[in-house]
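Visitor: Dropping the structure in here first, questions after.
The values are calculated or read from the model by the stated rules, or taken from the named source; none is laboratory data. Since we're looking at a predicted model, the values are computed, not measured. Here the Cβ positions follow ideal geometry from the backbone for every residue, glycine too, while neighbour counts run over all protein chains shown.
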Amino acid sequence: MIIDHPLLGPRDSAEFTYKGDARLIDRPDPEKGATAHDFYDYGYLRDNPAGWHEELWFHEAGDRSWLVVTRNTLTHEISKVELARDVARSRGRSK
Amino acid sequence: MRFSGLRVIKEALTGHKGWTPAWRDPEPQAHYDIIIIGGGGHGLATAYYLAKEFKQKRIAVLEKGWIGGGNVGRNTTIIRSNYLLDGNEPFYEMSLKLWEGLEQDFNFNAMVSQRGILNLIHSDAQRDAFIRRGNAMRLNGVDAEMLTTAQIKERYPYLNTEDARFPIKGGLAQHRGGTVRHDAVAWGYARGADSRGVDIIQNCEVTGFKIENGKCLGVETSRGFIGATKVGCAVAGSSSRLMAHANMRLPIESHVLQAFVSEGLKPVMPGVVTFGAGHFYCSQSDKGGLVFGGDIDGYNTYAQRGNLPVVEDVCEGGMAIFPAFGRARLLRMWGGIMDMSMDGSPIIDKTHIDGLYFNGGWCYGGFKATPASGMCFAHLLARDAPHPNATAYRFDRFEKGLMIDEKGMGNQPNLH
Amino acid sequence: MTPKNRLDGGQIDPAITHEFRFDGKSYTGHAGDTLASALLANGVRLMGRSFKYHRPRGVLTAGSEEPNALVELRSGARQEPNTRATTAELFDGLVAKSQNRIGSLRFDLMAVNDRFSNFLTAGFYYKTFMWPAAFWEKIYEPIIRKAAGLGSLSLLDDPDVYDKGFLHCDLLIVGAGPAGLSAALTAGRSGADVIIADEDFRMGGRLNSETFSLGDQSGADWAAATVAELAALPNVRVMNRTTIIGAFDHGIYGAVERVSDHLPTPLDGKPRQVLWRIYTKQTILAAGAIERPIAFENNDRPGIMLASALRTYANRYAVAADRRVAIFTNNDDGHRTAADLHAKGIKIAAVVDVRADAPRSHDFEVLHGQVIDTKGRHGLTFAEVRLESGDMRTLECGALGMAGGWNPNVHLTCHQRGRPAWNDALAAFVPGGVLPVGMTVAGAANGDMSTAGALRGGAEAAKRALGLKGKLPTLPEAEDAPVNITPFWYVEGCSRAWLDQQNDVTVKDVKLSHQEGYRSVEHLKRYTTLGMATDQGKTSNMGGLAIMAELAGKSIPEVGTTIFRPPYTPTSIGVLGGRARGQAFHPKRLTPSHTWATEQGAIFVEVGNWLRAQWFPRAGETTWRESVDREVLATRKSVGVCDVTTLGKVDVQGTDAAEFLNKIYCNGFAKLAVGRTRYGLMLREDGIAMDDGTAARLADDHFVVTTTTANALSVYRHMEFVRQCLYPDMDVQLISTTEAWAQYAVAGPNSRKVLEKLVDGDISNEAFPFMACANITVCGGLRARLFRISFSGELAYEIAVPTAYGDALIRKIMEAGAEYDITAYGTEALGVMRIEKGHAAGNELNGTTTAANLGMGRMVSKAKDSIGSVLSEREGLNRADDLRQVGIKPVDPADPVPAGAHLMKADGPVDAAHDQGYVTSACYSPNLGHSIALGFLKDGANRLGERMRLVSPLTGVNVDVEIVSAHFIDPEGERLRA
């Protein structure tokens, strides 16, 4: 597969390490009342869709960016690649 | 019809006119006591044991395509019970024991071949871990033996011990491990179940569950609604898609595992060998093909195909330990969708919905588990209580912190 | 002497003669021959044996789809089983052997199987060999295994080298027949980056096998001229002997170039084959079509082959398969073969056409009928024909061409989601469904069966693929014959009529498969093994499918088709492995002191990709233990040095650096003073221990984090995840500096004295106490880092300098330490000392242990949120009898306490149900004079002093042990603070 890195352009997916569902960005915040059950849900349950999937890839053999790649799990087509940091910010994560 | 050597001879002499279909092709009935979704190895085994061991009646297996078309028809055929952890070892040993008597039990030669499996050791830390595992097996009454490199060389004289990047420091052997003719497992169970009255319904895709007041009343299918008192799901890589119809999210991701077979060769591999410092394992089929595999591709997918980097990775591993295989040719490669769970171990449990049961999360280890999975799932469906050897395979183990993590990789499925 | 079946003309070079041997007998052929064409030229029709019945086999095809003529090519370590004689280029000195036989090829003892074929029908083995159960592995299976398989491996290491490479292009053209070449011309002249690849050594595809002209040239000449033009274009890469093996995601294709397979041995420095990964924007599949056979009784004798193969042998290789040939056809193309052979002076016994409206010829007889049987033990002698009138005719012939129509070569279109679609006019599947991204199909592969159609289709496809404007290039005039075919798959009533000639699958087997309910295409394939031969069904699937369709009362497309999977043709495992074998399997990472350690005669050990010194043997030491014991004792007595560069190092900088460490470590770092170091335990989010190490605060906004060697990569990845994905606005930057700093542990009571000679500045206990850290200089100004941390439990430091100075520093340390008898120690001594000290390492941090298991439960701060802290609270991880890390020593000091052994109660049962724990790490402690171990024990913290039984049934150990504190040496930690 080829991942079109937002900073570096098209790169072979073999340069990357895969982590999983980009929902892993949405770590519950215990300081805002998140419970153990929330962490269980976060840590263990997955939509695992057959279709479009936002997922985390790390450019391990490259610039060390974490990316959010929107990829179709049926066709492997990639429709969007973003810096995970931007996605995290857009989802309200900060410090 | 009972199969035997005499029967084969009789049919040969009378023009093979007497052979009958291995299973019927029935129309679905309006209601069953038990519906199993998924006509793969696990689903068919479940139906077989439900009928045979638990004397259940009015059972149907619903398969969206052709039976045996999932992972039971696309794996590397290995059976073994060389597990470490308490939650796993008795279950897999039960499975191996069932394999040992399976063909006589279901009267179909699945070519269960206990030719032995050997895990190569390449470092002291790996040896320590394998000794711990081998001891766990022995303490469970399971066979395990440490072999020296010299003993291994006797069986595999062409193993690269002279120029190995990661030296071979021995191996953990389970002599009762081996291989099975994988398609025959599906067919044997199907035939055995069918002859006991189970309706095996192919080309019948489940498109939804009918759930009222927290109880499952049946399934919507491509061939209409079929009612059921109990519904058991055994659909491996399709688990998340199926259970989404019941609004369930699972501790499972779907990944592709590629497998490979070479052209037919005269026998060179007496048993199964796994490389401990790379991703490669190999055996040789009775037909002569080297059957081998390695790691999963590592990204979520439902496509039954993988990509080139893993193909290369696997063949690099192969060449590292068997440089004589360089002149053998890879004939065919394919992919199967693995229901990779969050701790690498399976789930056989009731769901929170009455009458809806789940079997899945087998990762890439489902084939060897087929008989025990069928037996334990049948037990659960028939008796509403887990089989004693499958008590750990609960849904709630993740929330409670009772993971069964053989590899110690944590909640990242692609690392198991 | 000219071999008996050699004709004039063709594209061989009669001036170059090659001698070769087949089954020990010498023959000659010419440059441009394949092994198959040269054997046929010499009148050799029998080339192999089938898989199950050991029926005699000759060539079926003239291409890579060949299922029959498989040989063991070459000898010794280069022996190559199952090589298709039809693609093996002849070279002088070639040696080949037939395979899958016992005795000679003519008198194969295994041919007895054919007599028993009625007992060996499809799937017979599923129904028998079950009694008694124990006989399977001992008796039945060994017999079956020996009988099965085709060729043999030499089992000698493959002596050849394989390479890999990457190529990029705008357009990849697969196949260099008329469609591929016209596509390449169109694209090449436009200036686009083009790769055109063909599996054949001679490009041109069917143009080399046909007699018709393109414009005023022969097809072969036009192909040669076109290839020459393409080769001259700087933007076109012409690759012959190159097979595109698979279409992978996003326009990545695997290709194998056979660089040296046509040579006796690879030229000096050249690889045998190269695996290319071709990255292309667009692809034109112009892979042509493959003719299919017709099923009739005994259609498998040597001499019976595809009609198009007869044509190829005659026109391209100047070989008559035999001097008397018959044709059995259901379409006009069969007649073309007859006409071509006739023109070459070959006697046409007759053309047997199933159609009433077959074309007539002045040159040969055309019979309306069917071939219903054949004769000839080792090769065809007669064909029995039943005429439409009901009369019988016997044709004397040594070769019979089967012309059953053509199957477009859709293989690569199926590698992703493409599913072929049925075309009635061609009676064949054509590309269908969703093709791989950027792929278009042209020429015969797309069902465009005429030469003119292929030329046009190729050019148009190139235009479309590249978005070119303007007219197509002028294409030569060429034949444009329509396809006239009446589908005909098998002769009514036939039984032993072969569909899969290699695997011996006959019409009868398909009928049996249907009778027994194995009716889906996949069941048919798996039950009968139809299509599982080395041609992967290219010559066999359609026939089986058609028969199943008829039996099931369905159309062929309703029955479906099995899916083509990569590789397109069998691909050597060697080329897929490339250079990564032997010592080059993985790269080696060498530590900064490697050269120096090598000079000392160090023994090295693989630690991941690193090579680390394991111990440093000295003269007179005969066992590794002697060396290790010495290193440990010397270090504890005076001073030792060890290269610890391999530990992961991460530089953490920024105003939020301390807060960041608070997140990734379960213990607190916010209050760590500048100039101080702290042990840190990292959890995974699931609450299990991930890694441990130290974090040294060099400045308010600057930490240096260390990780274990094994987890350097994964911890760094995790830290970046936390930084980028969880706390994107923290002011913190990370960089892995593992390779940037050479780091040495200097340990032992005299370590300070040694370092004082090197460090510029005061490192007295007061100025630089335990757990201090600082940026310093050494040797009069070289920047360095000093940490007073200890893995050994001794007064110890770790000192780091830029890697380039690593070699110099180890020599300086040894020089400075000479007066204290400084000892270099390796990973073994390091391990002994950490076990003596009770420090957890990889064996304890095994991915299933919690902080509590490690005896560090209280380190998990409740005052803050950190990764893993919440899930570490789960009940299953906090049970009363959870494992705790303990020390273990033997009751009898002579006993071992080996790692991997399990702990049992002293007098209880010894089985899994009573398992109490296990040993994780073990060693001999030279300081204590007996073996010691670390392990995990249920409720271990409360069981110190308990006598237990330690068992390792696997290795035959059963000893009494005592549970003790894991701190075997200096439990109060006085030494490290000294």
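Visitor: Return the residues of segment C:485-523 that are in a helix (DSSP H, G or I) and modelled with pLDDT under 95; say none if nothing qualifies.
Guide: From segment C:485-523, those in a helix (DSSP H, G or I) are C:507-515, C:521-523; that's our starting set.
Selection gives C:Val521, C:Glu522.
Visitor: Does C:Thr562 satisfy being surrounded by fewer than 24 Cβ atoms within 10 Å (Cβ to Cβ) and touching a residue at least 12 places away in the same chain (Cβ under 8 Å)?
Guide: It is true that C:Thr562 is surrounded by fewer than 24 Cβ atoms within 10 Å (Cβ to Cβ) and touching a residue at least 12 places away in the same chain (Cβ under 8 Å).
Visitor: Also: Show me the strands (runs of 3 or more DSSP E) entirely contained within segment C:316-422 in which 2 or more residues are touching a residue at least 12 places away in the same chain (Cβ under 8 Å) and crowded, with 20+ Cβ neighbours inside 10 Å.
Guide: Those strands (runs of 3 or more DSSP E) span C:324-329, C:347-353, C:366-375, C:382-387, C:399-403, C:406-408.
Visitor: Let me ask something else about it. Looking at segment C:698-718 only, could you name the residues that are over 23 Å from C:Arg612 (Cβ atoms) and surrounded by fewer than 23 Cβ atoms within 10 Å (Cβ to Cβ)? Lay out the reasoning, then the answer.
Guide: Within segment C:698-718, the first condition is being over 23 Å from C:Arg612 (Cβ atoms), and the residues that meet it are C:698-703, C:718.
Within segment C:698-718, C:Leu698, C:Ala699, C:Asp700, C:Asp701, C:His702, C:His718 meet the criteria.
Visitor: Now a separate question. Pull up segment C:577-608, narrow it to residues that are farther than 22 Å from C:Asp160 by Cα, within 14 Å of another protein chain (Cβ to nearest Cβ) and in contact with a helix residue (DSSP H, G or I) (Cβ under 8 Å, 6 or more places away or on another chain), then point me to the one that is surrounded by the fewest Cβ atoms within 10 Å (Cβ to Cβ).
Guide: Taking the candidates together, the pick is C:Ile603.
Visitor: For segment B:178-193, what are the residues that are more than 10 Å from every other protein chain (Cβ to nearest Cβ) and either farther than 22 Å from B:Ser81 by Cα or among the small types (Gly, Ala, Ser) (or both)?
Guide: The answer is B:Gly192, B:Ala193.
Visitor: Would you check if there is a residue in segment C:121-141 being assigned to a loop (DSSP other than H, G, I, E, B) and acidic (Asp, Glu)?
Guide: For segment C:121-141, residues assigned to a loop (DSSP other than H, G, I, E, B) and acidic (Asp, Glu): absent.
Visitor: Among the listed residues B:Gly361, B:Gly365, B:Gly355, which satisfies the condition of being touching a Pro at 6+ places or on another chain (Cβ under 6 Å) and assigned by TED's automatic domain parsing to the domain that holds B:His42?
Guide: Residue meeting the stated conditions: B:Gly361.
Visitor: Hey, another quick one. Exactly one condition in (1) more than 30 Å from C:Thr474 (Cβ to Cβ); (2) in a helix (DSSP H, G or I) is false for C:Glu229; which is it?
Guide: Failed condition: (1).
Visitor: Next question, about the same structure. In the set B:Asn359, B:Asn389, B:Asn414, which member is within 18 Å of the chain's Cα centre (by Cα), under 24 Å from C:Asp686 (Cα atoms) and within 14 Å of chain C (Cβ to nearest Cβ)?
Guide: B:Asn414
Visitor: Which condition does B:Gly38 not pass, out of (1) within 14 Å of chain C (Cβ to nearest Cβ); (2) buried (at least 20 other Cβ atoms within 10 Å of the Cβ); (3) within 30 Å of B:Asp295 (Cβ to Cβ), if it passes all the others?
Guide: Checking B:Gly38 against (1) within 14 Å of chain C (Cβ to nearest Cβ); (2) buried (at least 20 other Cβ atoms within 10 Å of the Cβ); (3) within 30 Å of B:Asp295 (Cβ to Cβ), the one that fails is (1).
Visitor: Could you check how many residues of segment C:845-888 are basic (Lys, Arg), surrounded by 20 or more Cβ atoms within 10 Å (Cβ to Cβ) and more than 9 Å from chain B (Cβ to nearest Cβ)?
Guide: Residues flagged as basic (Lys, Arg), surrounded by 20 or more Cβ atoms within 10 Å (Cβ to Cβ) and more than 9 Å from chain B (Cβ to nearest Cβ) within segment C:845-888 amount to 1.
Visitor: Ok, one more. I need the full set of residues from segment A:12-32 which are of a type in the set (Val, Ile, Thr) and buried (at least 19 other Cβ atoms within 10 Å of the Cβ), in order please.
Guide: A:Ile25
Visitor: Sticking with this one: Output the qualifying pairs, or none if there are none: Cβ atoms under 7 angstrom, residues six or more apart or on different chains, first residue in segment B:387-416 and modelled with pLDDT of 95 or more, second residue of a type in the set (S, T, N, Q) and not in a loop (DSSP other than H, G, I, E, B).
Guide: B:Pro413/B:Ser341
Visitor: Out of C:Glu66, C:Glu89, C:Glu80, C:Glu72, which single residue is acidic (Asp, Glu), buried (at least 19 other Cβ atoms within 10 Å of the Cβ) and in contact with a Pro (Cβ under 6 Å, 6 or more places away or on another chain)?
Guide: Result of the check over C:Glu66, C:Glu89, C:Glu80, C:Glu72: C:Glu72.
Visitor: The conditions are (1) surrounded by fewer than 20 Cβ atoms within 10 Å (Cβ to Cβ); (2) modelled with pLDDT of 95 or more; (3) in contact with a helix residue (DSSP H, G or I) (Cβ under 8 Å, 6 or more places away or on another chain); (4) over 24 Å from C:Thr635 (Cα atoms), and C:Ala901 fails exactly one of them. Which is it?
Guide: All conditions pass for C:Ala901, except number (1).
The rows are residues; the columns are (1) part of a loop (DSSP other than H, G, I, E, B); (2) among the basic types (Lys, Arg); (3) crowded, with 18+ Cβ neighbours inside 10 Å.
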site: A:Pro10; (1), (2), (3): no, no, no
site: A:His37; (1), (2), (3): no, no, no
site: A:Tyr42; (1), (2), (3): no, no, yes
site: A:Asn48; (1), (2), (3): yes, no, yes
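Visitor: Taking segment B:132-149, which residues are within 25 Å of the chain's Cα centre (by Cα) and of a type outside the set (Lys, Arg)?
Guide: Within segment B:132-149, the subset within 25 Å of the chain's Cα centre (by Cα) is B:132-145.
B:Gly134, B:Asn135, B:Ala136, B:Met137, B:Leu139, B:Asn140, B:Gly141, B:Val142, B:Asp143, B:Ala144, B:Glu145, listed by residue number.
Visitor: Pairs, please: C-beta under 8 Å, at least 6 apart or cross-chain, first residue within 17 Å of B:Phe358 (Cα to Cα) and at pLDDT below 95 and in segment B:219-233, second in a strand (DSSP E or B) and among the aromatic types (Phe, Trp, Tyr)?
Guide: Partner pairs satisfying both residue conditions: none exist.
Visitor: I would also like to ask the following. Out of (1) in a strand (DSSP E or B); (2) assigned by TED's automatic domain parsing to the domain that holds B:Tyr357; (3) out of contact with any helix residue (DSSP H, G or I) (no Cβ under 7 Å at 6 or more places or on another chain), what's the single condition that is false for B:Lys230?
Guide: (3)
Visitor: Within 14 Å of chain B (Cβ to nearest Cβ), buried (at least 24 other Cβ atoms within 10 Å of the Cβ) and under 30 Å from C:Ala289 (Cα atoms): which single residue out of C:Gly180, C:Gly151 fits that description?
Guide: Of the residues listed, the single one that is within 14 Å of chain B (Cβ to nearest Cβ), buried (at least 24 other Cβ atoms within 10 Å of the Cβ) and under 30 Å from C:Ala289 (Cα atoms) is C:Gly151.
Visitor: Consider C:Asp643 carefully, then state whether it is modelled with pLDDT of 95 or more and more than 14 Å from every other protein chain (Cβ to nearest Cβ). It would help to see each step written out before you state the result.
Guide: Numbers: modelled with pLDDT of 95 or more: yes; more than 14 Å from every other protein chain (Cβ to nearest Cβ): yes.
It is true that C:Asp643 is modelled with pLDDT of 95 or more and more than 14 Å from every other protein chain (Cβ to nearest Cβ).
Visitor: Follow-up. Restricting attention to segment B:336-346, does a residue exist that is part of a loop (DSSP other than H, G, I, E, B) and more than 14 Å from chain C (Cβ to nearest Cβ)?
Guide: yes
Visitor: Of all residues being facing chain C (nearest Cβ under 10 Å) and closer than 22 Å to B:Gly69 by Cβ in segment B:302-319, which is surrounded by the most Cβ atoms within 10 Å (Cβ to Cβ)? Just the residue, please.
Guide: Checking each candidate, the answer is B:Gly306.
Visitor: Of the residues B:Asp33, B:Asp25, which is of a type in the set (D, E, K, R), more than 25 Å from B:Gly336 (Cα to Cα) and either assigned to a helix (DSSP H, G or I) or touching a Gly at 6+ places or on another chain (Cβ under 8 Å) (or both)?
Guide: B:Asp25
Visitor: Still on this model: Considering only segment C:354-365, I want to know if a residue exists there that is in contact with an Asp or Glu (Cβ under 7 Å, 6 or more places away or on another chain), within 24 Å of C:Leu499 (Cβ to Cβ) and away from every other protein chain (no Cβ under 14 Å).
Guide: There is no residue in segment C:354-365 that is in contact with an Asp or Glu (Cβ under 7 Å, 6 or more places away or on another chain), within 24 Å of C:Leu499 (Cβ to Cβ) and away from every other protein chain (no Cβ under 14 Å).
Visitor: Looking only at residues in segment B:178-208 that are acidic (Asp, Glu) and part of a helix (DSSP H, G or I), which one is nearest to B:Glu220 (Cα to Cα)?
Guide: So, considering only residues that are acidic (Asp, Glu) and part of a helix (DSSP H, G or I), the one nearest to B:Glu220 (Cα to Cα) is B:Asp194.
Visitor: Considering only segment A:53-62, I want to know if a residue exists there that is aliphatic (A, V, I, L, M) and more than 17 Å from A:Val81 (Cβ to Cβ).
Guide: No, the conditions are met nowhere in segment A:53-62.
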